[in-house]
Amino acid sequence: MPRIIEDDSQLEDFIKQNFGHNHHQQSALRMAPLRKGGVVDLRGNVHGVKNLIVADASLIPYTVDGNTSAATYLIGYTIAKQLQRENKKIAVKRPKWFEMEEE
């Protein structure tokens with residue numbers, strides 16, 4: 001029979017014993033103008049922090065049902081290409097393991 005939680009300390013104990021995560025954190029940083037509650041702009045720049053760009057799963061707008069690797073690779077690659085367009089000295093290359101194999 002399930003235990004009835006009667007006070008905050010019991011609730012806190014229950015959470016500590018049963019809470020876990022799956023290491024697929026995502027959707028933590030809203031991409032929107034600061035005035036609309038955004039944390040980053042469309043290029044991953046953190047509002048109010050000079051030269052800080054985010055390019056990871058925290059930018060995925062909705063929780064992905066499954067592995068986040070592909071979406072995260074795409075975000076990182078897209079932002080890297082944007083940076084490369086802004087500064088031609090930056091070289092952006094896909095890792096060899098990321099290349100598609102020819103059939």
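Output the relative contact order of the range 20-89, whole-number percent, from Cα pairs under 8 angstrom with separation of 6+ residues.
Details: 85 pairs, mean separation 18.2, N = 70.
Relative contact order comes out at 26 percent.
Whole percent per 10 Å bin, from 0 to the bin with the longest distance: what is P(r) over all C-alpha pairs of the range 20-89?
Result, from short to long distances: 20, 48, 27, 5, 0 percent.
Laboratory data are not the source of any read-out in this text; all were calculated from the coordinates shown. This structure is a prediction, so every number in the text was calculated from the model and none was measured.
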